[in-house]
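Below is one structure, written out as structure tokens; the observations come after it.
The values are calculated or read from the model by the stated rules, or taken from the named source; none is laboratory data. Remember, predicted model here, so these are calculated numbers, not experimental data. Heads up, the Cβs are rebuilt from the backbone with ideal geometry, glycines too, and the neighbour counts pull from every protein chain shown.
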Amino acid sequence: MEENLCQICHKNIAVMTITEVDEKGNKIEVAICEECAKKKGILESGKTLNLDEILKIMLKAKEKEDKELICPRCLLSFYEFKKYGKFGCSDCFKAFEEKLIPFIKRIQTTLREKEDEIFHKGKKITIGIKRGLLLSEIKKLKGELERAIKEEDYERAAKIRDMIKEKENELRKNEI
Amino acid sequence: MRFNKILLPGFLREIGKEGDVCISSRIRFARNLENHLFLLKASPKEQEEVIEEIKEVVDKLGGFEFYPEKEFTELFLNFLLERHLISPDFVLSKNRRGLFVDKEEKVSIMINEEDHLRLQIIEAGFCLDEIFVKINELDDRLEKELPYAFSEKFGFLTACPTNLGTGMRASVMLHLPGLLLTNEIEKAIKAARSIGFLVRGIYGEGTKTIGSYFQISNQFTIGMKEEEIIESTKNLVTEIINYERKARDYLLKNLKKEIEDRVWRAYGILTNARLLSSEEAINLLSTLRLGVCLEIIDKVSLLTINILTLLVKRANLMFYLRKKDLTEEERDYERALLVKKFLKRKNE
């Protein structure tokens, strides 16, 4: 992956991040490789990183990746998901799908033999999500319509009635 | 509060199948709505909307009483928890909550616990198949009116990944004094864990138990059909029930005098004590229960013992007596009186 390349030489794999101060005085994080780190005098020449340090660096890179993976609907990051152990909305599952599968395998391991067995095998919903959504929207609009009529705001009532008709048409199409 | 009129939850109105060991069976489904953020992200306003939307649908089904957030005093919540109508997480939740309970107190629908919806049915004895049919039916009816969050891959989308897929947890409450007294319980717990089931002591902390009560439930929820989960739960529970009965037989054959002594001492204390803590009462009632099952004593019925085991608990005691501000000492006194009254009223 490109983001794992050293941001100084753009050739080697970055193994650590360092904090630099740019011209405007802002602190920025820069990922660099072992060679560039040595050049910068961060690592003493001739001395390689020990395993602990490498692990720490890798963990940090992973953490950064998790923090940057964000659900577009509820803005929960994968990092936060792991921290709280909870999803923020039904779109998180799409946003995190790739990382989610190994995660689910780990926590939902039974004595299953085959890998694909982590997927859902149970009952399914019968009416489909779109239909369900339309139904709940229509219900909401009908409530608003009632309120508008009660308040004698007939202009708004007419508008809402049109919206209901539109949704009901959509619903009918959905049935076919 | 409307609960004052109701004496007993459904699972305590009869002794069910395998009632000598199995107190109750329960199944719960976790569901969320597609059109709302889950509770981690939902604002209080959105949480109210979830309650409104679900309430409208459940009201239409009929047969349920609704309890809104403002009725959830500490005492009322614990009253419901002791009756297994809500979960410990529902008590602790900081969300805006709502609760539906049916008239028989078998079906409950928690709104905004960890998921938007938690459906649950609890009944007496070992009856997971019957409960599954009922809860599935209820779920189907709700699904026609509510946009459930669902994906082909992950099934019913739940807030916590441990519930993904079916969103189903099947559990049974077992009374296992035989396995505890013969020190076989650890073996049973280990065996259950190794095949993907959780065993935990009830009323105590963690695996500890008060009164030898244990709950067994499936740990995994995805990758299997609901029926398969029910089937494997049933198989395991059947084995544990047989294991418990064998342990009881062993006790009766090899330690008859000791067991008889324990049972009659328990009866003696329960019918004569002037002060009883709830823990002591539950433990003694548990010993008495074993005595009834082994036909050592016939002065009291199993059902009476099951009922008393609920009524001696703090919140239910106060609700039952309609004295909601008793101190701990007063409760110990009232509890002893209540137990004595019930036990002297043979096979009521």
TODO: May I ask you to verify whether B:L180 is part of a helix (DSSP H, G or I), away from chain A (no Cβ under 14 Å) and touching a Gly at 6+ places or on another chain (Cβ under 9 Å)?
DONE: no
- [ ] Quick one: count up the residues across region B:12-65 that are among the basic types (K, R) and part of a loop (DSSP other than H, G, I, E, B).
- [x] 3
Open item on the list: It is to be established whether one or more residues within region B:154-165 are surrounded by fewer than 18 Cβ atoms within 10 Å (Cβ to Cβ), more than 14 Å from chain A (Cβ to nearest Cβ) and within 23 Å of B:K234 (Cβ to Cβ).
Closed with: no
Open item on the list: I want to confirm something. Restricting to region B:301-323 and keeping residues that are outside any helix (DSSP H, G or I) and touching a Ser or Thr at 6+ places or on another chain (Cβ under 9 Å), which single residue is nearest to B:F76 (Cα to Cα)?
Closed with: B:K313
Task: Which listed residue, of B:S93, B:S151, is hydroxyl-bearing (S, T, Y), surrounded by fewer than 21 Cβ atoms within 10 Å (Cβ to Cβ), farther than 30 Å from B:L302 by Cα and more than 10 Å from chain A (Cβ to nearest Cβ) - done: B:S93
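Considering each of B:L12, B:L85, B:L77, B:L61 in turn, give the residue that is of a type in the set (A, V, I, L, M, F, W, C), surrounded by fewer than 17 Cβ atoms within 10 Å (Cβ to Cβ) and more than 14 Å from every other protein chain (Cβ to nearest Cβ).
B:L61
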Task: Output for region A:42-55, where each listed residue is surrounded by 13 or more Cβ atoms within 10 Å (Cβ to Cβ) and either modelled with pLDDT of 90 or more or assigned to a helix (DSSP H, G or I) (or both) - done: A:E53, A:I54
TODO: Please determine, by comparing only the residues of region A:68-89 that are within 20 Å of B:L37 (Cβ to Cβ) and touching a strand residue (DSSP E or B) at 6+ places or on another chain (Cβ under 8 Å), which one is farthest from the other protein chains (Cβ to nearest Cβ).
DONE: A:L69
Open item on the list: Quick check on B:R274: is it outside any helix (DSSP H, G or I) and modelled with pLDDT of 95 or more?
Closed with: yes
TODO: State all residues of region B:116-137 that are away from chain A (no Cβ under 13 Å), under 27 Å from B:L40 (Cα atoms) and part of a helix (DSSP H, G or I); if no residue qualifies, say none.
DONE: none
- [ ] Could you tell me which residue of region B:317-348 is modelled with the lowest pLDDT, considering only residues that are surrounded by 21 or more Cβ atoms within 10 Å (Cβ to Cβ) and not basic (K, R)?
- [x] B:F319
Open item on the list: Any residue at all in region A:147-169 that's assigned to a helix (DSSP H, G or I) and within 30 Å of B:T166 (Cβ to Cβ)?
Closed with: no
